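Structure, as structure tokens:
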Amino acid sequence: MCGIVCAISNQPVLPLLIEGLKRLEYRGYDSAGVALLDEDGFERTRSVGRIADLVAALGTGINNTSTAGIAHTRWATHGAPTRNNAHPHLTTGKLAIVHNGIIENHQSLREGLIKAGYHFESETDTEVILHEVDRQYQQTGNLYEAVRATVKRLKGAYAIGLISSDEPRRIVGARSGSPMVVGLGEDGHYIASDMAALLSVTHDFHIINDDELVEIDDDGVRISNLDGETVEREIFTSDQHAGAADLGEYRHYMLKEIHEQTQAVADTLEGRIAAQQVLTGIFGAQDEAIFKQTRAIQIIACGTSYHAGLVAQYWFEKYGMACRVEIASEFRSRKHTIADNTLLVTLSQSGETIDTLAALKIAREAGVAHTLTICNAPESTLVRESELVFMTHAGPEIGVASTKAFTTQLVSLLLLVVSVTRHHRLTQADETKIVKELRELPSIIDETLKREEEIARLATLFADKEHALFLGRGTQYPIAMEGALKLKEISYIHAEAYAAGELKHGPLALVDEKMPVIAVAPNNRLLEKLKSNIEEVRARGGHMLVFADDQARIDQTAGVEIINIGRVDNIIAPIVFTIPLQMLAYHVALIKGTDVDKPRNLAKSVTVE
Ligand code: M6R
């Protein structure tokens, strides 16, 4: 999970390379580097830390006027995050590379290269590609041919960009398993890991597919396959604004994105529902025909997206549709049976999560009837490889901790539940009721966001704790899981979520005054049971925080804080109750002074195994 940006232009490229790296920092942020090429050769600068550290390391070099260069922001896989392991890597002073991905057969390639006399300066797998290209280059004298011969020998995932001082006006890229786009600008041509990196210079792109190469030079762009044959590619024009990912008045992207949920949910619903029904055709032209045949749902996702899938399982089963949910990395690594007429649903903010992509491929090979993705990145691999597509209109999500992507996934899933189960147990009255609740959802979210001050005060109860327990029942159980994930991701407090009924089967042993317990209380038939759990915790001296509906009637007593979320219908309750848990995690992290948007060891998109 790294970010690459490469440029050939008639203007100095350093400003746009730095701007591109900043936009890609969500992909990795433990070290960064840039290699600029002019008639005097390469000028390389690398540093440990953020792009700001790279800018500091550049010093007066920030005024470099080279018109060709490649740049990288890293999330370490092979080799610690040191300056020496940072990209770009250089060989013989005339060839430079940036790489996102993992080369699985790096060891055997490395041994062969060492025998051939190559010396390795870093611990990275990337340096293997560099030396292999160099070896091929010495035979062919042509960078494109050298890269083409090299990638045929690679096993694993890569998006690479290479430049040689022997061909200073050409950059060669190649992709397999890691995202890559080519930007078509007025002043030049560019390669990057995603479009956002290049929006300051262009909105026109070619998307590069797996097993393709690309050459950019002053005259244009050539895309080809591994056999060297030219591939025609249409231009994709992005409607994203360069400023859409700016911080604005907010202190952190996560806070901005939490507050954007009112609009993100409204945007996701727009054009998808009528007064009393969910519109047909919103998942693709064939959706009705496919949903009529569907007999089972298999959801696959990772992390927060997986939690959204777990909520949907309760919804699907409520309306008579069998549904299984599995973490993508597990799905891809075991044998499974897929029932006839199964609709495979992948959930992903980025659309580039490697395990989800691999699971989709495996399910297709296993003969799954139809595939659908719910995704936030229109140009992503997942969108391109799925039969039906539904875009969450959350806008760019920059904070590593996912917030608005999750709530818009839940909204999208609820629309899917209606669209599929209306052919089964869901009645017209059910559909009308759900649509009514969805219409009210943006304003309910808006009201919930107004509780931030109260939640910020409660966050002070957590800042000095090392552990926390989250409890939920029914659809609120996955929400408790999501609340725990948010807290651990950004505040580094160890948090576990349990189905509340499991409390006395083990975790109750952990409860004492040092272990706060957060309960998400549904206003349904499970509420009375949750009230018993509250008593169980209280009796053991535990401090409890209960997020409840105003109908829940839970007493505020010593050691029990009740946060009344207002009237919320059960069907949309998981979406609404997510908001205070996000705010709680944010304010705990703020008190602890962690790097909220870029928590340690994590990256936004997990594009390597
Ligand atoms: O882009 P995706 O939705 O496929 O990403 C899946 C997970 O990596 C992601 O949700 C991760 O768990 C977030 N950091 C959670 O906040």
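Data table
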item: Surface share of carbon and sulfur [accessible, 1.4 angstrom probe, percent] for region 332-414; result: 50 percent
item: Estimated translational D of region 304-427 in µm²/s (Stokes, Kirkwood radius over Cα pairs; 4 °C; 1.567 mPa s); result: 88 µm²/s
item: Cα lying deepest toward the dipole's positive end in region 164-251, options MET195, LEU247, THR230, charges on Cβ; result: LEU247
item: Of LEU360, HIS307, ALA322, farthest towards positive along the dipole that unit charges on Lys, Arg, Asp, Glu beta carbons give region 288-380; result: ALA322
item: Fraction in percent of alpha-carbon pairs per bin - 10 Å, region 1-48; result: 25, 55, 20, 1
item: Charged-residue dipole, Cβ positions (Lys, Arg, Asp, Glu), the chain about Cα centre, Debye nearest 20; result: 1860 debye
item: q = 0.08 Å⁻¹: log10 I(q)/I(0) that the Debye formula gives for the chain, counting C-alpha atoms only; result: -0.59
item: The chain: calculated mean residue ellipticity at 222 nm from DSSP helix runs of at least 4, using -39500 (n - 2.57); result: -10500 deg cm²/dmol
item: Rh by Kirkwood over Cα pairs, then Stokes-Einstein D for region 62-197 at 0.890 mPa s and 25 °C, µm²/s; result: 160 µm²/s
item: Distance from region 318-336 to region 22-38 (C-alpha centre basis), Å; result: 37 Å
item: P(r) histogram, all alpha-carbon pairs of region 88-143 included - 10 Å bins from 0, percent; result: 24, 59, 17
item: Hydrodynamic radius by Kirkwood, which averages 1/r over all alpha carbon pairs of region 345-397, in angstrom; result: 10.9 Å
item: Ranked order, THR60, THR280, THR353 - accessible area, probe 1.4 Å, largest first; result: THR60, THR280, THR353
item: Per principal axis, descending, Cα span of region 355-494 in whole Å; result: 51, 39, 29
item: For the chain, accessible area per residue (1.4 Å probe, heavy atoms of protein chains only), Å²; result: 38 Å²
item: Three-way shape call for region 234-353 based on the alpha-carbon gyration tensor, with the a/c threshold at 1.5; result: prolate
item: Cα-centred dipole magnitude for region 83-211, charges only on beta-carbon of K, R (+1) and D, E (-1), debye, nearest 20; result: 340 debye
item: Relative contact order of region 235-331, defined on C-alpha pairs under 8 angstrom at six or more residues apart (%); result: 19 percent
item: List PHE236, PHE470, ordered by accessible area with a 1.4 Å probe, largest first; result: PHE236, PHE470
item: Selection from LEU344, ALA484, PRO15 lying farthest towards where the dipole of the chain points positive, charges on Cβ; result: ALA484
item: Whole-angstrom gap from region 383-400 to region 554-578, using each part's C-alpha centre; result: 30 Å
item: Ordering of 267-273, 503-509 by packing [mean C-beta count within 10 Å, highest first]; result: 267-273, 503-509
item: Rel. contact order, % - alpha carbon contacts under 8 angstrom, at least six apart, the chain; result: 12 percent
item: Kyte-Doolittle mean at least 1.6 and Cα axial length at least 18 Å: DSSP H helices in the chain; result: 404-421
item: Peptides 434-440, 172-178, 404-410 ordered by average Cβ neighbours within 10 Å, highest first; result: 404-410, 172-178, 434-440
item: Distance histogram for region 174-237 (every C-alpha pair counted, 10 angstrom bins, percent rounded to whole numbers); result: 24, 57, 19, 0
item: Relative contact order (percent, whole number), region 401-543, Cα cutoff 8 Å, 6+ residue spacing; result: 21 percent
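The values are calculated or read from the model by the stated rules, or taken from the named source; none is laboratory data. Just so it is clear, the structure is predicted and the values come from calculations on it, not from any experiment. Cβ coordinates were reconstructed from backbone atoms using ideal geometry, including for glycine residues, and neighbour counts include every protein chain displayed. When the accessible area is computed, the model is the full protein with side chains, heavy atoms only, and any ligands, DNA or RNA have been set aside. Shrake-Rupley method; radii C 1.70, N 1.55, O 1.52, S 1.80 Å.
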